[in-house]
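The structure appears right after this line, and notes come after that.
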Amino acid sequence: MAAVALGLLASGVEIQIPGCAPGIGKVILSPMSADLIDGVQIQPFPLWPDDRGYFLEVARLGKGLVADFPPDNSQVSAALNYPGIIKAFHYHLHQTDFWVPTAGLLQVVLVDMRAGSKTYGAKNTLYVGNLRPWQILIPPGIAHGYKVIGEQPSMLVYVTNRTYDPKDEGRIPHNDPRIAYDWELQHK
């Protein structure tokens, strides 16, 4: 299947669905992993549990991974997801996403679709949520999605560096044969 340009990033880089090897790609076990897709950033976040539950700080605009997000048009949203659902794939031409899984456990999938990127075609899998509290910064041109794993619903809070614009978002089916992601249980 020939690569088809799906759009251009502000930098002029074409977005194309790569032909990936079947499977789940590289599992990212550390925020500093050499296998992490170029431009994706991960930062653990602290949880403050006590006998009432826990507190976590999602983001401070102007600091951390969202330091460059403009306060006048950044958007904060949340998605409640039931066990076993898959929400994948989508990508942006201009928008940067900042994901903070606040409850449950997610199998997050990232695919580099930026033609010419040093990690073009790379596929990453991250297991994040209660057991691994990581913030994830996802730049434009990276297809992303997730599956809720376990028996509990998940909550994903996310901040974007611009308000939602449907013309900026592209969608790819979760089972696209070019991405060839294996959503099945891996450790049977």
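Straight-line reach from Lys167: which lysines have a Cα under 28 Å away, not including same-chain ones fewer than 8 places off? List returned: Lys87, Lys118, Lys123, Lys147. If I take every Cα pair under 8 Å that is 6 or more residues apart in the chain, average their sequence separation and divide by the length, what percent do I get for the relative contact order? It comes to 32 percent, rounded to a whole number.
For Tyr146, the amide hydrogen comes within under 5 Å of the amide hydrogens of Lys87, Ala88, Val109, counting only partners 5 or more places away or on other chains and with H modelled in the peptide plane. Working note: Cα atoms of the chain, range along each principal axis, descending, whole Å: 56, 47, 30.
The base-10 log of I(q)/I(0) for the stretch 82-188, evaluated at q = 0.10, 0.16 Å⁻¹, reads -0.27, -0.72 [Debye formula, identical scatterers on Cα atoms, solvent excluded]. So the label point goes 7 Å from the Cα of Leu80 along Cα→C-beta, right? Which residues of the stretch 129-152 then have their backbone N under 16 Å from it? Residues 152 fall inside that zone.
Within the chain, what's the longest run with no chymotrypsin sites (Phe, Trp or Tyr not before Pro) in a DSSP loop and at most 16 other beta-carbon atoms within 10 Å? Give the range, please.
Details: sites that count: Tyr164, Trp183.
So the longest stretch without any such site is 1-163.
List the residues of the stretch 63-80 whose backbone N lies under 11 Å from a point placed 7 Å from the Cα of Tyr164 along the Cα-to-Cβ direction. Zone members listed by number: 76-79.
For the stretch 97-188, the list of GluC sites (Glu not before Pro) that fall in a loop by DSSP and count at most 11 other C-beta atoms within 10 angstrom reads Glu151, Glu184.
Values quoted throughout were computed directly from the atomic coordinates according to the rules given, and no laboratory measurement underlies them. Since the structure is predicted, the reported quantities are computational estimates derived from the model, not experimental observations. Cβ coordinates were reconstructed from backbone atoms using ideal geometry, including for glycine residues, and neighbour counts include every protein chain displayed.
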